[in-house]
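Working notes, structure below.
The values are calculated or read from the model by the stated rules, or taken from the named source; none is laboratory data. The structure displayed is predicted, hence computed values, not measured ones. Cβ placement follows ideal geometry from the backbone for every residue including glycine, while neighbour counts extend to all protein chains displayed. With ligands, DNA and RNA removed, areas are computed over all heavy atoms of the protein, side chains included. Shrake-Rupley method; radii C 1.70, N 1.55, O 1.52, S 1.80 Å.
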Amino acid sequence: LIKANIIGGLVLLKLMKQHKSICFINLCIFCLIFVYFLRLPFTLEAKERTVRVGWYYQPSYMQLRSDGTPYGYNYEYLQNISRYTGWKYEFVHGDFEDLYADLVKGKIDILGCVFYSGERTSVLSFPNYSAGEDYVTLFTKADSRMVANDYKSFNGIRVGSTTKNNMNRFVEFAKENGFTAKTRYYRSFRELTAAVTQGKIDAAVYGGFQPDPLYKTIASFAPSSFYFVTTKNNTEILSGLNSAIAMIKLHNPYFDRDLSRRYLPREYAHFVLTEEEKTFVAS
């Protein structure tokens, strides 16, 4: 495209010398066409390809409308990626653990909202650029007597998670703050929240948890970048992710931030007292 515009420019210059009366009009037309094409998002791959994307329920990030069409933070990000790659998407639905296993086996091509870890790099390929940042949240029922950041009262609590990575981060967090917990795993976010609601566990650990009137956050920790990842050594998909996300960030350095403001509402910490502090105030 650039070569074509250069050649066209040289031809116009030659014509301008021969026909000075139309040089100004031709020059204006050429400039308008040149600017128009430069503004178009050119595709990095000429061949259109259907890419299989793992789609699991993640509030605000990956959701489905009543008619079954996907929407959310990840969906909009993927649409922007396709502007540069020409990819068409096939969304494969399931739970995180099942889709993660399918990605490792190469049954799907991309999985989103994956936090980086050294263990995961042995079976997955991470692009050079993240798709945003979030943190791990410890939450419980809205009417629970547990108080935010009162770590002494956390000792011995029953905590659930959907992934080993989030649980490992929680165990490290608990160790740093001097308490222990009994842990167990659930296959999906829905099963996890149901366990909290039914009192099977005291609290749950989840990455990217969004405010919900049924639950309250009692701790947030381990802020980390998350990625769209692909199967190990899938160079075609990895190259497309690297090139497209780089172009997105070059055109708009605040793309991730702007997308977060639209899809990821944050709850602000409320001023609360621990039981020990309440006793002190009362005395």
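Condition first: out of contact with any Lys or Arg (no Cβ under 6 Å at 6 or more places or on another chain), of a type in the set (Phe, Trp, Tyr) and open to solvent by 20 Å² or more (accessible area, probe 1.4 Å). Can you find one or more residues in the range 187-204 that meet it? Within the range 187-204, one or more residues are out of contact with any Lys or Arg (no Cβ under 6 Å at 6 or more places or on another chain), of a type in the set (Phe, Trp, Tyr) and open to solvent by 20 Å² or more (accessible area, probe 1.4 Å). Note on the range 126-150: among residues that are hydroxyl-bearing (Ser, Thr, Tyr) and farther than 20 Å from Gly199 by Cα, the one that is least open to solvent (accessible area, probe 1.4 Å) is Ser130. Among the numbered conditions (1) free of Cβ contacts under 8 Å to residues at least 24 places away in the same chain; (2) closer than 30 Å to Asp258 by Cα; (3) of a type outside the set (Lys, Arg), the only one that Val171 does not meet is (2).
Taking every residue in the range 193-221 that is closer than 24 Å to Thr180 by Cβ and pairing it with any residue that is among the charged types (D, E, K, R) and open to solvent by less than 10 Å² (accessible area, probe 1.4 Å), at least 6 positions away or on another chain, the pairs with Cβ-Cβ distances below 8 Å are Gly207/Asp134. A Cβ distance below 9 Å, combined with a sequence gap of six or more or placement on separate chains, defines the contacts here; from the range 259-270, residues that are on the phi < 0 side of the Ramachandran plot and surrounded by 11 or more Cβ atoms within 10 Å (Cβ to Cβ) reach no residue that is of a type in the set (A, V, I, L, M) and modelled with pLDDT under 55. Gln210 meets all of the listed conditions (1) polar (S, T, N, Q); (2) in a strand (DSSP E or B); (3) at pLDDT below 90 but one, namely (2).
Of the residues making up the range 103-115, those that are in a helix (DSSP H, G or I) and open to solvent by 40 Å² or more (accessible area, probe 1.4 Å) are Val104, Lys105.
Applying the criterion of being more than 17 Å from Ile201 (Cα to Cα) and not basic (Lys, Arg) to the residues of the range 152-173, the residue that is most open to solvent (accessible area, probe 1.4 Å) is Glu172. Apart from one condition, Gly118 fits all of (1) surrounded by fewer than 22 Cβ atoms within 10 Å (Cβ to Cβ); (2) over 27 Å from Ala219 (Cα atoms); the exception is (2).
For the range 214-222, the condition of being surrounded by fewer than 20 Cβ atoms within 10 Å (Cβ to Cβ), under 15 Å from Tyr135 (Cβ atoms) and of a type in the set (Gly, Ala, Ser) holds for at least one residue. Among the residues of this structure, Asn177 does not count as one that is under 30 Å from Asn242 (Cβ atoms) and modelled with pLDDT of 95 or more.
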